[in-house]
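Have a look at the structure below, then the notes.
The values are calculated or read from the model by the stated rules, or taken from the named source; none is laboratory data. This one's a predicted model, so the numbers in the text were calculated from it and none came from an experiment. Using ideal geometry, Cβ is built from the backbone for each residue, glycine included, and neighbour counts are taken over all protein chains shown. Remember, those area values only see protein heavy atoms, side chains included, never the ligands or the DNA or RNA. Shrake-Rupley method; radii C 1.70, N 1.55, O 1.52, S 1.80 Å.
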Amino acid sequence: MMKNYDAAIELMDSAVNRALERSMDDALPLVFSRGLMKDSVGRYREAVMDYNFYEKNSVYRLGAYFYYVRSQAEVKCKMYQQALNDLEAAISQAPDYPLYHFEKGLLCYRLNMLDDAVAALTVAKELAPEASDVYYLLGCTYSKAGSREPAEENLKKALSLGHPDAANKLAELDK
């Protein structure tokens, strides 16, 4: 059964329906788990629907992890504004967690929101000064924005920290 995700999701559907007959409090953890399950097998829109149901019906304050998880599914559905909103919610609840800033920077980079990407990645760099991925993406962002000097500086730092693609990106700057 573990390899048959459709069957497993059907079982989760049954469990959710039965729990909803008893109480929303019983059903909500199952709804979130079903969302995670759908997310893991590429059924992102359905996962987002479960996450939205969970948020709408939860009586508790949801944590940064919830918003991060939902943002990742939203990105995969190309629901970019919702993903940015959720990353902002995650950051507001856990401002010292560099991953959330990095993910916001990555999404902003993909959306060509380069100033926002630089801002988010700069915070991530301050929070995780040894993270080569942050320097690499910051260098790529500056490069895309046409700012050669900060691009080179960040890519060199990424290279010194062992990023596997930094040397190639630095070579591209010289072309």
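General observations
- Qualifying residue in region 134-146 (condition: free of Cβ contacts under 8 Å to residues at least 24 places away in the same chain, touching a helix residue (DSSP H, G or I) at 6+ places or on another chain (Cβ under 7 Å) and surrounded by 16 or more Cβ atoms within 10 Å (Cβ to Cβ)): no
- The helices (runs of 4 or more DSSP H) located wholly in region 1-88 that include 1 or more residues which are open to solvent by 30 Å² or more (accessible area, probe 1.4 Å) and in contact with a Phe, Trp or Tyr (Cβ under 9 Å, 6 or more places away or on another chain) occupy 24-40, 44-57, 64-76.
- For A119, the conditions (1) closer than 24 Å to I91 by Cβ; (2) among the aliphatic types (A, V, I, L, M); (3) open to solvent by less than 50 Å² (accessible area, probe 1.4 Å) are fulfilled apart from (3).
- Test: residue in region 61-76 that is small (G, A, S) and farther than 25 Å from L111 by Cβ: yes
- When restricted to residues that are polar (S, T, N, Q) and open to solvent by less than 60 Å² (accessible area, probe 1.4 Å), region 147-175 contains 2.
- The residues of region 89-102 that are open to solvent by 30 Å² or more (accessible area, probe 1.4 Å) and either closer than 21 Å to L138 by Cβ or within 10 Å of the chain's Cα centre (by Cα) (or both), listed by number, are P95, D96, Y97, P98, L99, F102.
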